[in-house]
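This report refers to the structure that appears directly beneath it.
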Amino acid sequence: MAQHTTIREILRDQPVGTAITVRGWVRTFRNDQFITVSDGSCIHALQVVIKKEDHGEETLKRIQTGTSVSAAGVLGKSLGKGQAVELVCEQLEILGDCDPQEYPIQMKRHSLEFLREKAHLRFRTNTFGAVFRLRHHLSYAIHKFFNDRGFFYLHAPIITGSDAEGAGEMFRVTSLDLAQVAKTGVFDPSLDFFGKSTNLSLSGQLEAELAALALGKVYTFGPTFRAENSNTSRHLAEFWMIEPEVAFNDINDNMDLGEACLKYCIQYALEHAREDLEFLQEREANEDKQKPVDERQAMPLIARLELIAGHAFERITYTEAIELLLQSNHYKKKKFKYPVEWGIDMQSEHERYLTEKHFQRPVIITGYPAAIKAFYMRMNDPDTQGRKTVAAMDILVPGIGEIIGGSQREERLDVLLSKCAQFNIPQEHIWWYLETRKFGTCVHAGFGLGFERLIMLVTGMGNIRDVIPFPRTPLSAEF
Ligand code: 4AD
Ligand code: MG
């Protein structure tokens with residue numbers, strides 16, 4: 001097809017008087033004259049003006065919401081309000097019809113739940129256009145952030161033979177004939193494709209550590225899988241994670257890196273996706289009007305993002321966090337559903353209280369009880385009361401709770417071996433991981449940033465199913 005110009009370019013350059021071709025999908029058509037066409041390149045549509053008398057009744061009828069068209073003409077200054085320029089159409093070609101009786105995406109407000117059922121078409125709405133353009137910008141920002149700091153992008157395997165992470169339930173990978181297995185009642189992993197049992201990866205961390213202990217600074221950015229049966233607005237069975245791992249970084253360097261990374265991504269979005277953010281801000285404000293006052297956002301989206309990008313994150317220890325929760329009126333009025341005491345794995349209600357109510361900004365919590373964290377986290381010296389903690393850190397943000405989880409890693413072989421024993425991890429399962437502690441071990445640290453949670457933070461979308469193109473959740477893998 002001959003060259004066409006995207007609406008984004010047209011609105012940026014405004015080449016009034018030039019002949020151009022636009023291709024996209026019809027949003028609205030009024031007075032048999034004005035077509036708004038959207039091509040996904042930006043949040044805005046372009047007004048295409050046709051002359052009714054140039055077209056037969058039949059053609060005019062085919063211009064429906066969703067119809068794909070190619071419009072050639074000359075760009076002019078618009079006389080109407082709402083747009084600076086418009087295309088005065090000389091040649092209109094209908095590329096693909098769209099039957100209004102069947103097309104589910106009409107020019108009215110659809111609920112996000114309804115659109116989830118139409119995930120194949122929801123890209124065509126303004127909201128999802130903005131969300132998925134932001135998803136792109138944030139991916140790019142992640143790569144730019146790490147590349148500019150001398151990190152190397154590492155591709156961790158998606159199929160793993162290790163289950164040491166312990167981050168959750170795993171999806172098994174097999175090429176065995178399950179009907180046969182059911183018939184014989186025998187499932188023998190040694191007969192399977194890899195000669196052993198394998199799973200979809202929960203995290204690329206252990207592999208990233210191996211690479212960091214040679215390349216220095218690496219990060220992964222790929223899909224990870226968890227078969228947890230948690231049907232919440234913040235959990236997916238398939239999500240994307242960014243996992244930097246850095247040799248010679250300790251827990252403080254790790255916190256600095258996590259904070260800098262989040263701020264950079266937010267700043268990048270503010271600078272490169274401003275119009276989409278403005279649209280999403282307005283969308284959120286409209287949604288908020290339907291909600292009870294205490295559930296509304298205290299501040300508009302862009303102001304919230306600027307606040308996060310412009311201020312130091314709060315940093316407290318787990319012990320201090322528990323103390324704050326115990327001292328809170330919320331606790332005294334018995335408003336927490338789950339108990340609060342030293343040693344608990346904080347629930348999302350606790351995390352959200354700290355970041356949303358108490359500090360009203362991002363918080364980094366360090367020094368978690370060793371018993372509730374993974375085996376590879378570095379043991380701290382026991383505290384004054386003899387309690388065992390690890391050099392772990394979680395970053396919590398308002399509206400979401402945990403967005404980053406990470407730690408300094410246990411680099412001492414003897415300590416690591418005793419942790420394996422405590423956590424019932426057979427050494428032969430991770431002999432390769434243990435060898436790095438034998439051959440030139442060193443202090444190192446890293447974290448995992450949930451990519452969808454980052455997109456939720458930046459777009460203000462309240463459900464994680466609405467920031468990934470095709471969400472995988474319990475009992476749902478359509479498309
Ligand atoms: O805290 P998690 O489980 O940490 C790890 O997997 C470590 N191996 C990371 C590391 O140190 N390299 O997960 C990290 C982040 C969470 O903070 C959260 O943002 C996100 O991944 N996450 C999920 N996002 C969507 N759906 C889920 N089911 C998620 N589970 C974790
Ligand atoms: Mg975590």
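Select from segment 400-479 those GluC sites (Glu not before Pro) which occupy a DSSP coil region and have at most 11 other Cβ atoms within 10 Å, ordered by residue number.
Listed in order of number, the matching sites are 478.
Find how many whole Å separate the alpha carbon centroid of segment 184-242 from the alpha carbon centroid of segment 365-422.
With segment 365-422 and segment 184-242 each reduced to a Cα centre, they are spaced 21 Å.
Using the scaling law 2.2 N^0.38 Å as the reference, what is the normalised Cα Rg of segment 116-179?
1.72
How about segment 376-464: which chymotrypsin sites (Phe, Trp or Tyr not before Pro) there are in a DSSP loop, with at most 10 other Cβ atoms within 10 Å of their Cβ?
Here the chymotrypsin sites (Phe, Trp or Tyr not before Pro) that fit, given the DSSP loop and packing criteria, are 439.
Under 5 Å between amide H atoms, partner at least 5 residues away or on a different chain: which partners does residue 156 have, H built in plane at 1.01 Å?
So residue 156 has HN proximity to 221.
What's the magnitude of the charge dipole for segment 274-422 around its Cα centre, counting Lys and Arg as +1 and Asp and Glu as -1 at the beta-carbon? Answer in Debye, nearest 20.
500 debye
Magnitude of the Cβ-charge dipole of segment 266-314, K/R +1 and D/E -1, about the Cα centre, nearest 20 debye?
80 debye
Of 55, 84, 2, which is farthest along the charge dipole of segment 1-138 in the positive direction, counting Lys and Arg as +1 and Asp and Glu as -1 at C-beta?
In segment 1-138, that residue is 84.
Restrict the search to segment 161-208; then list the trypsin sites (Lys or Arg not before Pro) that DSSP places in a loop and that have at most 14 other Cβ atoms within 10 Å of their Cβ.
Loop-located and lightly packed - 196.
What residues have an amide H closer than 5 Å to that of residue 448, excluding those fewer than 5 places away on the same chain, when H is modeled at 1.01 Å from N in the peptide plane?
405, 406
Can you work out the FRET efficiency for the pair residue 338 and residue 381, with r the C-beta to C-beta distance and R0 = 25 Å, to the nearest 0.05?
Once the sixth-power term is evaluated, E becomes 0.30.
Would you list which lysines come within 17 Å of residue 337, measuring only between C-alpha atoms, while excluding same-chain residues fewer than 8 positions from it?
Hits, sequence-local ones excluded: 357.
Checking the a/c ratio against 1.5 first, then a/b against b/c, what shape does the Cα gyration tensor give for segment 1-137?
Note, shape of segment 1-137 comes out oblate.
If the viscosity is 0.692 mPa s and the temperature 37 °C, what Stokes-Einstein diffusion coefficient in µm²/s follows for the chain when Rh is the Kirkwood radius over Cα pairs?
129 µm²/s
Nearest 20 debye, what's the magnitude of the dipole of the chain about its Cα centre given +1 on Lys and Arg Cβ and -1 on Asp and Glu Cβ?
880 debye
Counting only helical runs of four or more DSSP H residues, what would the 222 nm mean residue ellipticity of the chain come to if each run contributes -39,500 (n - 2.57) and the total is spread over all its residues?
Result for the chain, helices only: -9500 deg cm²/dmol.
Of the beta bridges DSSP finds with both residues in the chain, what % are antiparallel, to the nearest 5?
90 percent
Identify, among 223, 203, 180, the residue whose Cα sits farthest towards the positive end of the charge dipole of segment 149-249, taking +1 on the Cβ of Lys and Arg and -1 on the Cβ of Asp and Glu, with the dipole about the Cα centre.
Of the options given, the answer is 223.
How fast does segment 256-321 diffuse by Stokes-Einstein, in µm²/s, taking the Kirkwood radius from C-alpha pairs at 10 °C and 1.306 mPa s?
Reported coefficient: 116 µm²/s.
Every number in this text was worked out from the coordinates using simple rules, so none of it is lab data. Note that this is a predicted model, so its numbers are computed, not measured. Please note: Cβ atoms are built from the backbone with ideal geometry, for glycine as well, and neighbour counts cover all protein chains shown.
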